[in-house]
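S.K.: Quick one: this structure, given as structure tokens, is what I'll be asking you about.
The values are calculated or read from the model by the stated rules, or taken from the named source; none is laboratory data. Predicted model only: the values in this text are computed from it and were never measured. In this analysis, Cβ positions are derived from the backbone assuming ideal geometry, glycine residues included, and neighbour counts consider all displayed protein chains. The accessibility values were calculated without ligands, DNA or RNA, using every heavy atom of the protein model including side chains. Shrake-Rupley method; radii C 1.70, N 1.55, O 1.52, S 1.80 Å.
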Amino acid sequence: QIWAEVLKLPRVGLADDFFELGGHSLLATQVISRVRELFGLELPLRWLFEARTIAAYADRLDQAQRDKAGVSLPALTAQPRGEHVPLSYAQERLWFVEQMGLVGSAYNRSFALRLRGPLNEAALTKSFGELVRRHESLRTRFAGSDGQGRQVIDRSEAFAVRWVRAEEIDVEAGEEVLKAFARQELQRPFDLSQGPLFRVSLLAVNAQEHGLVIGMHHIISDGWSDEVMMRELAVLYAAYGRGEASPLAELSVQYADYALWQRSWLEGEALERQLGYWTAQLKDAPGVLTLPTDRVRPAVPSYRGAIHPIAVSPALSEALLQLARQEGATLFMVLMAAYQVVLSQWSGQSEVVVGTPSSGRTHRETEGLIGFFVNTMALRTRLNLAESFRDLLAQVKETVLSADAHQHLPFEKLVQELAPVRDLSRQAIFQVWFVLQRMTGETMSLSGLTLEGVAREHVTAQFDLTLALRETAQGLRGSLEYATDLFEAATIARFAGHWLQVLEQVVAQPQQRLDRLDLLSASERQQLLVTWNATAAAYPRERCLHEVFEAQARQSPDAIAAIVASEAGASLSYGALDRRANQLAQYLQQQGVGPEMIVALCVPRSLEMLVGVLGILKAGAAYLPIDPSTPAERMAFMLDDARVAILLTHSAVEERLPSHTSRAIFLDLD
């Protein structure tokens, strides 16, 4: 019965595989919460991966009952409320971040819809009013004193839908009216202390077309909440349109009850167990992922962002799902492993930490609530290039299942415990994010209306890089959200292409070693190996390099040949450089230098270096370049091995020279 309810199937057979029936980790979590509710046992998520049929899972459940295993979480019920209602741990983190005033609109959550058809304005207004009455989160604001925040829950009567006329939008009529309206609404800031943090604005374009923008701050809502809201809105709008009362049952708990419950149980031994796992998991983990950026990282991020759309073909999407089933994993695990492969290759790091959300809704009572339940998990992976993708996937699977068993620890507590070096320029613990949104099978709808999403400009980025995907009937769809402080659009497009390349290869050969996975597309390979190496050119064979230079010096003697950027006014014309090189060449010849001889050149980047190169060639010898930063032992070996009689050098590097038998000539002094 539990499996059939969660999977939305009429019945489930004893030998049916949960994941082949469409199950995934989110639905598995719902199974766990219902088993807890019915049997009073907290079973680990990994059991469902190991016992994937009803028959096998029932055996595990019987054994747990006999062993009295799996201590259950405390029940979530309505909590007694004192004068002050605390913030949940997740809310506390966002509240502190907002107090610093650095994130702009990065945590604004909004979406815009076009409504086509005859709109019942009274029913829609009443529906939103009932939503606000039902869900305390939608009428909550946040006060603070002595560095601590608290929830302030206002009366629902204070809520009102904002109505706007099309002529108030300063653009031409039509499509641009809705886009401009959505842009204006989405950019309006929220004041956490004054509220409201939930806003509904409706634009009347004409009698048959309206624009609806729903905006809220992340501190009162999450992605799951959007589905709850639209599902209840559809039910309420249909009922009120028929003149009926709300058919929705009253909620047994509110978000404030959850915050109080979380604060009461997650302490002492329970907190220490969770902390112990995560601190061990992230001990000595790299705190920075050094992706190559197009721009220097600013001291304080602007949180400005953009997106690059991603589409995975239906055939490849299905192949990825089959690979997950074949390996006893989930689609999330496969996609995460491939993402980490590319992050590792781009950064050159063998350890990668990626942030990902967990729903945080471990009780059935929270599944129908609007609120900020989502928690953050930091998943660390160690990539061994000698191992296969299948090996990596097994590691990712184990990491995800272990993390899920310890998902109750608020990420904020982990950050406090790890106490990373404070750096306002980047997120702590990880800087990249991955999320896979599941298909619910439900579509947004309002009775008698056609709903369409209104495209809007993406302007924020919470992380350096976020891969966000969702399952659709047309395959995986999503985007790479990136910080425009750091990356150009072309760089992100290349990253997306590399990720898709990896996906194609791992479904074809999951046993392929990681160091054999090819990130390059055919065009990139052609560019690197052929186009950029097409450097062949016709040179006059009868003239040497220094003779070609002499011809240029005769043609343009007064033109600047070289400039020292670090020294104001330090430059040489072609004529002057040629004269100085001639002087050096004549001097070297007087010292017996000629063909088949090697003259060492150990000078810093300077005009003297150019004089030395040309002078040695003009004298008929070859030059041996030695970097002044070369270790003395290595430098001595080079001089001895090449049997260097003369060393051209510079007074600035005299102290670095090793003991040698070559004759030293100082180009800046002699």
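S.K.: For R525, state whether it is among the basic types (K, R) and over 41 Å from the mean Cα position of the chain (by Cα).
M.R.: Working: among the basic types (K, R): yes; over 41 Å from the mean Cα position of the chain (by Cα): no.
It is false that R525 is among the basic types (K, R) and over 41 Å from the mean Cα position of the chain (by Cα).
S.K.: Just to be sure I understand the filter: pairs with C-beta atoms under 6 Å, separated by 6 or more residues or on different chains, first member in region 586-600 and more than 18 Å from P625 (Cβ to Cβ), second member surrounded by 11 or more Cβ atoms within 10 Å (Cβ to Cβ). Which pairs pass?
M.R.: That search, which allows pairs on different chains as well, returns Q589/A619; G594/G620; P595/G620.
S.K.: Then there is this: Among the residues of region 292-340, which ones are part of a loop (DSSP other than H, G, I, E, B), open to solvent by less than 20 Å² (accessible area, probe 1.4 Å), at pLDDT below 95 and not hydroxyl-bearing (S, T, Y)?
M.R.: Scanning region 292-340 gives G328, A329.
S.K.: Please determine, by comparing only the residues of region 354-389 that are buried (at least 18 other Cβ atoms within 10 Å of the Cβ) and part of a helix (DSSP H, G or I), which one is farthest from the chain's Cα centre (by Cα).
M.R.: So, considering only residues that are buried (at least 18 other Cβ atoms within 10 Å of the Cβ) and part of a helix (DSSP H, G or I), the one farthest from the chain's Cα centre (by Cα) is E365.
S.K.: May I ask you to list pairs of residues, at least six apart or on different chains, whose Cβ atoms are under 9 Å apart, with the first in region 74-97 being within 11 Å of Q151 (Cα to Cα) and the second being in a loop (DSSP other than H, G, I, E, B) and among the acidic types (D, E)?
M.R.: Every condition considered, no pair remains.
S.K.: Just checking, which of G149, G104 is under 22 Å from the mean Cα position of the chain (by Cα), outside any helix (DSSP H, G or I) and not hydroxyl-bearing (S, T, Y)?
M.R.: Details: G149 fails: under 22 Å from the mean Cα position of the chain (by Cα).
Unique residue meeting the criteria: G104.
S.K.: Quick one: which of R155, R93 is open to solvent by 50 Å² or more (accessible area, probe 1.4 Å) and either small (G, A, S) or modelled with pLDDT under 90 (or both)?
M.R.: Values: R155 fails: either small (G, A, S) or modelled with pLDDT under 90 (or both).
Just one listed residue meets the conditions, R93.
S.K.: Right, another one. Quick one: is T466 modelled with pLDDT of 95 or more, in contact with a strand residue (DSSP E or B) (Cβ under 7 Å, 6 or more places away or on another chain) and either assigned to a loop (DSSP other than H, G, I, E, B) or of a type outside the set (A, V, I, L, M, F, W, C) (or both)? It would help to see each step written out before you state the result.
M.R.: Values: modelled with pLDDT of 95 or more: yes; in contact with a strand residue (DSSP E or B) (Cβ under 7 Å, 6 or more places away or on another chain): yes; either assigned to a loop (DSSP other than H, G, I, E, B) or of a type outside the set (A, V, I, L, M, F, W, C) (or both): yes.
It is true that T466 is modelled with pLDDT of 95 or more, in contact with a strand residue (DSSP E or B) (Cβ under 7 Å, 6 or more places away or on another chain) and either assigned to a loop (DSSP other than H, G, I, E, B) or of a type outside the set (A, V, I, L, M, F, W, C) (or both).
S.K.: Looking at region 471-487, is at least one residue of a type in the set (A, V, I, L, M) and assigned to a helix (DSSP H, G or I)? Outline the logic, then answer.
M.R.: Taking region 471-487 as the starting set, the residues that turn out to be of a type in the set (A, V, I, L, M) are 473, 476, 480, 483, 486.
From what's left, assigned to a helix (DSSP H, G or I): none.
The answer is no, given that none of the residues of region 471-487 is of a type in the set (A, V, I, L, M) and assigned to a helix (DSSP H, G or I).
S.K.: Now, a different point. Looking only at region 457-477, which residues are over 13 Å from the mean Cα position of the chain (by Cα) and either among the small types (G, A, S) or buried (at least 18 other Cβ atoms within 10 Å of the Cβ) (or both)?
M.R.: In the first step, residues of region 457-477 are kept if they are over 13 Å from the mean Cα position of the chain (by Cα); the result is 457-459, 470-477.
Selection gives V459, E471, A473, G475, L476.
S.K.: Is it true that E481 is crowded, with 18+ Cβ neighbours inside 10 Å, over 20 Å from L392 (Cβ atoms) and charged (D, E, K, R)?
M.R.: So E481 passes the test.
S.K.: So, of the residues in region 241-276 that are surrounded by fewer than 16 Cβ atoms within 10 Å (Cβ to Cβ) and hydroxyl-bearing (S, T, Y), which turns out to be modelled with the lowest pLDDT?
M.R.: Filtering first and then ranking leaves S264.
S.K.: Also: Which residues, taken from region 138-152, are closer than 26 Å to T366 by Cβ and surrounded by fewer than 19 Cβ atoms within 10 Å (Cβ to Cβ)? Lay out the reasoning, then the answer.
M.R.: The initial filter retains those residues of region 138-152 that are closer than 26 Å to T366 by Cβ, namely 138-144, 148-152.
A143, G144, Q148, R150, V152, listed by residue number.
S.K.: Let me ask another. Scan region 419-451 for residues that are open to solvent by less than 60 Å² (accessible area, probe 1.4 Å), out of contact with any Lys or Arg (no Cβ under 9 Å at 6 or more places or on another chain), among the aliphatic types (A, V, I, L, M) and at pLDDT below 90 and jot them down.
M.R.: Passing the criteria: only L446.
S.K.: Any residue in region 230-252 that's farther than 25 Å from E365 by Cα: show its pairings with residues that are at pLDDT 95 or above and charged (D, E, K, R) at Cβ separation under 7 Å, as long as the two are six or more apart or on different chains.
M.R.: Correct list of pairs: Y240/K126.
S.K.: State the number of residues belonging to region 107-137 that are part of a helix (DSSP H, G or I), open to solvent by less than 40 Å² (accessible area, probe 1.4 Å) and either closer than 21 Å to H210 by Cβ or of a type in the set (G, A, S) (or both). Quick ask: steps written out before the conclusion?
M.R.: The first filter runs over region 107-137 and keeps only residues part of a helix (DSSP H, G or I), leaving 121-134, 136-137.
From the residues that got through so far, the ones that are open to solvent by less than 40 Å² (accessible area, probe 1.4 Å) too are 123-124, 127-132, 134, 136-137.
Among the residues that remain, those that are also either closer than 21 Å to H210 by Cβ or of a type in the set (G, A, S) (or both) are: 123-124, 127-132, 137.
Total meeting the criteria: 9.
S.K.: Another question, if that's okay. Of the conditions (1) at pLDDT 90 or above; (2) under 19 Å from Y339 (Cβ atoms), A386 fails just one. Which one is it?
M.R.: (2) is the only condition that A386 fails.
S.K.: While we're looking at this one, here's another question. Return yes or no: is H498 closer than 30 Å to S571 by Cβ, open to solvent by less than 80 Å² (accessible area, probe 1.4 Å), of a type outside the set (S, T, N, Q) and in contact (Cβ under 8 Å) with a residue 40 or more places away in the chain? Walk me through how you get there before you give the answer.
M.R.: Details: closer than 30 Å to S571 by Cβ: no; open to solvent by less than 80 Å² (accessible area, probe 1.4 Å): yes; of a type outside the set (S, T, N, Q): yes; in contact (Cβ under 8 Å) with a residue 40 or more places away in the chain: yes.
Spelling it out, it is not the case that H498 is closer than 30 Å to S571 by Cβ, open to solvent by less than 80 Å² (accessible area, probe 1.4 Å), of a type outside the set (S, T, N, Q) and in contact (Cβ under 8 Å) with a residue 40 or more places away in the chain.
S.K.: Considering only region 277-291, state which residues are outside any loop (DSSP other than H, G, I, E, B) and either open to solvent by 60 Å² or more (accessible area, probe 1.4 Å) or in contact with a Ser or Thr (Cβ under 8 Å, 6 or more places away or on another chain) (or both). Working first, answer last.
M.R.: Going through region 277-291, the residues outside any loop (DSSP other than H, G, I, E, B) turn out to be 277-281.
Across region 277-291, the qualifying residues are Y277, A280, Q281.
S.K.: Determine if region 33-41 includes at least one residue that is within 17 Å of A329 (Cβ to Cβ) and either within 33 Å of the chain's Cα centre (by Cα) or in a helix (DSSP H, G or I) (or both).
M.R.: Just the residues of region 33-41 that are within 17 Å of A329 (Cβ to Cβ), to begin with: none.
Taking every residue of region 33-41 in turn, none turns out to be within 17 Å of A329 (Cβ to Cβ) and either within 33 Å of the chain's Cα centre (by Cα) or in a helix (DSSP H, G or I) (or both).
S.K.: Considering only region 263-322, state which residues are touching a His at 6+ places or on another chain (Cβ under 9 Å) and of a type in the set (D, E, K, R).
M.R.: R273, the sole residue that qualifies.
S.K.: Could you list all residues from region 34-69 that are open to solvent by 80 Å² or more (accessible area, probe 1.4 Å) and under 26 Å from V396 (Cα atoms)?
M.R.: Residue satisfying the conditions is E50 alone.
S.K.: Tally the residues that are more than 20 Å from Q349 (Cβ to Cβ) and assigned to a loop (DSSP other than H, G, I, E, B), restricting the search to region 499-518.
M.R.: 4
S.K.: Continuing with this model, one more query. Among (1) open to solvent by less than 60 Å² (accessible area, probe 1.4 Å); (2) not hydrophobic (A, V, I, L, M, F, W, C); (3) not in a loop (DSSP other than H, G, I, E, B), there is one condition H408 misses while meeting the rest; what is its number?
M.R.: All conditions are met except number (3).
S.K.: Something else now. Residues of region 631-670 being at pLDDT 90 or above, open to solvent by 70 Å² or more (accessible area, probe 1.4 Å) and part of a helix (DSSP H, G or I), which ones?
M.R.: E633, R634, F637, D640, D641
S.K.: Within region 1-22, restricting attention to residues that are touching a residue at least 24 places away in the same chain (Cβ under 8 Å) and open to solvent by less than 40 Å² (accessible area, probe 1.4 Å), which residue is nearest to F332 (Cα to Cα)? Give the steps one after another, and end with the answer.
M.R.: Initial filter on region 1-22 (touching a residue at least 24 places away in the same chain (Cβ under 8 Å)): 2-3, 5-6, 8, 12-20.
Checking the rest, the ones that are also open to solvent by less than 40 Å² (accessible area, probe 1.4 Å) come to 2-3, 6, 12-13, 17-19.
On the way: I2: 23, W3: 21, V6: 19, V12: 24, G13: 26, D17: 18, F18: 16, F19: 13 Å.
Across region 1-22, the extreme among qualifying residues is F19.
S.K.: Could you go through region 589-607 and let me know if any residue there is closer than 29 Å to A652 by Cβ, modelled with pLDDT of 90 or more, assigned to a loop (DSSP other than H, G, I, E, B) and among the polar types (S, T, N, Q).
M.R.: yes
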